[in-house]
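As C-alpha cells, the structure follows; a few thoughts come after it.
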Amino acid sequence: MHPLDNKNRYKMEQAIGLNAAQMDFLQLLAHIKTTEELEELSQVVSDYYARKAEEGMNQLWEAGQWSKEKDEEVMRTHLRTPYKYAK
C-alpha cells in the first residue's frame, strides 16, 4: 500500500470513519506478510496497552485514589454483564 496524499487520506478517513492514528496503523498493517509478523505485532500492541494500564494504576495509587482495599473490593465484585435470555 502506498502512502496516501493528504487530500485522498482525508477523503478515506471521512468515508470509512477512521481518524489519522487509525489510518497510520492500517497502513502499517499493509506491510504484514506472515502470521508470525502479525502475532509479533499483536504482542507489541498488547504489551503497550498493558504498560499504559499499569502506568495509569500507578498514578491512581500515588494520588491516593487506589488502595489495597479497593483492589480487594474489585476482586470480589461481579462485573459481568447480565444476559437476558429469550423465553
- Query: If you take just the helices (runs of 4 or more DSSP H) that sit entirely in the stretch 1-67, which of them hold at least 3 residues that are among the basic types (Lys, Arg)?
  - Reply: 6-16
- Item | Scope the stretch 4-19; condition in contact with a helix residue (DSSP H, G or I) (Cβ under 7 Å, 6 or more places away or on another chain) and surrounded by fewer than 11 Cβ atoms within 10 Å (Cβ to Cβ); matching residues | ASN19
- Can you name the residue in the stretch 35-46 that is of a type outside the set (A, V, I, L, M) and open to solvent by less than 80 Å² (accessible area, probe 1.4 Å) and is also farthest from the chain's Cα centre (by Cα) among such residues? GLU37
- Note on the structure: Checked the stretch 68-87 for anything assigned to a helix (DSSP H, G or I) and among the β-branched types (Val, Ile, Thr); matches are VAL74
- Query: Name the pairs whose Cβ atoms lie under 7 Å apart, with the first residue in the stretch 15-32 and within 16 Å of VAL45 (Cβ to Cβ), the second assigned to a helix (DSSP H, G or I) and modelled with pLDDT of 85 or more, and 6 or more positions between them or separate chains?
  - Reply: ILE32/LEU38; ILE32/LEU41
- Task: Inspect the stretch 62-76 for any residue being aliphatic (A, V, I, L, M), exposed (fewer than 10 other Cβ atoms within 10 Å of the Cβ) and at pLDDT 95 or above and give the result as yes or no.
- Result: yes
- Please verify whether the stretch 41-52 includes one or more residues that are of a type outside the set (Ser, Thr, Tyr) and over 28 Å from GLN22 (Cβ atoms). no
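The values are calculated or read from the model by the stated rules, or taken from the named source; none is laboratory data. Computed from a prediction, not measured in an experiment: that's the story for all the values here. We place every Cβ from the backbone using ideal geometry, glycine too, and count neighbours over all the protein chains shown. Just the protein is used for accessible areas: all its heavy atoms, side chains included, with ligands, DNA and RNA removed. Shrake-Rupley method; radii C 1.70, N 1.55, O 1.52, S 1.80 Å.
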